[in-house]
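What follows is a short report on a single structure.
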Amino acid sequence: MLLNRFCIPDGSWKGLLAAFLLWPTTQVWAAAVGEVVYATGLAEVINGAAVRGAKSALVYEGDRLRTGADGHIYLRTYDGGFFILRPDSEGVVVRYGVNPKLGQAAYRLELVQGLSRVVTGKEVKRSPERFRLNTPIAAIGVRGTDFTVASMPTYTRAWVDEGRIVMASLGEGCPADALGPCHDGGALELSPEHIAAAEINANSQVPTPLPPDVTRPEIRLPMDAPAVPLSSDKSKRVNGQIAQPAETQVHSVSTPADATRRAPQWLRWGRWQPLADLPANIDVRQLNAQIVAISDIHILLREAADNLTMPHEGKASFRLGTHEGYYIKEGGGPPQEAQVQDAALLVDFAQRTFTTQLKLSGKGQPDVAIATHGTISPDGRLTSQPLSLSHISGALAGEQAREAAYLYQQLIDQTTSVKGATFWWR
């Protein structure tokens, strides 16, 4: 008998089998923390000695992302955030999610070198104190935000588009293995309304505001980039959830009759991923486009910013061209379309401010008033005031700033919110 060949007494094999089944295994099948939804040029995902192409790749904790001189990587995290790498860049997803042993969330990214844009996802927004992005010399903590970081051998620079970040020098009072913002190392808080950009120099190691003449690097996506959808052409399981394929179609919605005379030229928005039975209808790779704003439903793109010229004085009233909005139940359920009326957008070019309002209604839903004001950055970005109930993020575009668009969202109660996108013209 086979068991006797191994000197196992008769009757003992059942106990041995039970012990084997209870023996702890060393192989752990970790869930993916995200998926690369766009990659072009030299773009790789590296884990130890294993190197694979980034296109449509699932990314796990510990994976290193690397781009060459012509490479771009858009990693979408499972909670709807983005970690974007531009050419000649390298980043690491150190931790992203909840540790099953400790029961604690930790979100740690590293930008080893190059240029990266980070848009925080839902889970990070819920626990910003558990997020950290490190460069070799700097630590960046967030308070729910959208920011860009440049990591070079002699300096780290950061620009904030939305929300707030805290920038500090790594050191004894700000260790690299910590989470959240550091309050030592000469920590400096950045926001679009106050200090929007800062630098940590390897020599001084103290965060200092960047002068206005130091602009953020703008790197255009290649004109000959292949037609890559926002998600792979087959459903993938990301962190236990099925990420459905996203079709890349031209954004098209119904418009008011008086708006048909003015089609968007420089601004585009649409759904970047499916919403219930509504397919995605826009691709992040719009020609030479910047990502101006992004929500878990819509994305707003602007063609190369050098098309924008803004008057230095006067006020202008904009007409609403297109709108798409929904009532969203956080616990699930089909989205309800939101109808809009009494829409207004007024821009004060002299003061670099704006005010806007929308009145929303839906079948079986409460009426909601989106009403807020905010500031306009030198490059034409629209940002609502931090304490406003209605959150707005958008941009102006075109000669004499004749186009405008923004995404909005507002919480109605603990379970329901309204989210949408608008295009305006004058």
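So here's what we get for this one:
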read-out: Sorted largest first, extent of the range 293-348 alpha carbons per principal axis (Å); value: 47, 29, 16
read-out: Net charge of neighbours whose Cβ lies under 12 Å from the Cβ of SER169, counting Lys and Arg as +1 and Asp and Glu as -1; value: -3
read-out: Cut-off 9 Å between beta-carbons: net charge of the residues surrounding GLY325, Lys and Arg +1, Asp and Glu -1; value: -1
read-out: Principal semi-axes in Å for the range 312-425 [√(5λ), Cα gyration tensor, largest first]; value: 27, 14, 11
read-out: Local electrostatic count at VAL206 - Lys and Arg +1, Asp and Glu -1, tallied over other residues with Cβ under 12 Å; value: -2
read-out: Set of aspartates and glutamates near LYS122 by C-alpha distance (under 19 Å), chain-local residues within fewer than 8 positions excluded; value: GLU35, GLU61, ASP79, ASP146, ASP161, GLU162, ASP296, GLU330, ASP413
read-out: Stokes-Einstein D for the range 42-157, Kirkwood Rh over Cα pairs, 25 °C, 0.890 mPa s (µm²/s); value: 172
read-out: Full-stretch length increase - ALA49, THR309 - with 0.36 nm per residue and alpha-carbon distance subtracted; value: 88.7 nm
read-out: Gained length - ASP348 relative to MET152, 0.36 nm times residue gap less alpha-carbon distance; value: 66.8 nm
read-out: Solvent-free Debye scattering, log10 I(q)/I(0), computed from the Cα coordinates of the range 106-165 at q = 0.13, 0.15 Å⁻¹; value: -0.29, -0.38
read-out: Spatially proximal aspartates and glutamates relative to LYS315 (Cα-Cα < 20 Å; intrachain offsets below 8 disregarded); value: ASP342, ASP348, ASP379, GLU399, GLU403
read-out: Length-normalised contact order for the range 139-210 - Cα pairs under 8 Å, 6+ apart - percent; value: 32
read-out: Theoretical FRET efficiency, 1/(1+(r/R0)^6), r = Cβ-Cβ of GLN336 and ARG426, R0 30 Å, to 0.05; value: 0.45
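Each reported figure results from applying straightforward, stated rules to the coordinates on display, with no laboratory input. Keep in mind it's a predicted model, so treat the numbers as computed, not measured. Every residue, glycine as well, gets a Cβ built from its backbone with ideal geometry; the counts of neighbours run over all protein chains shown.
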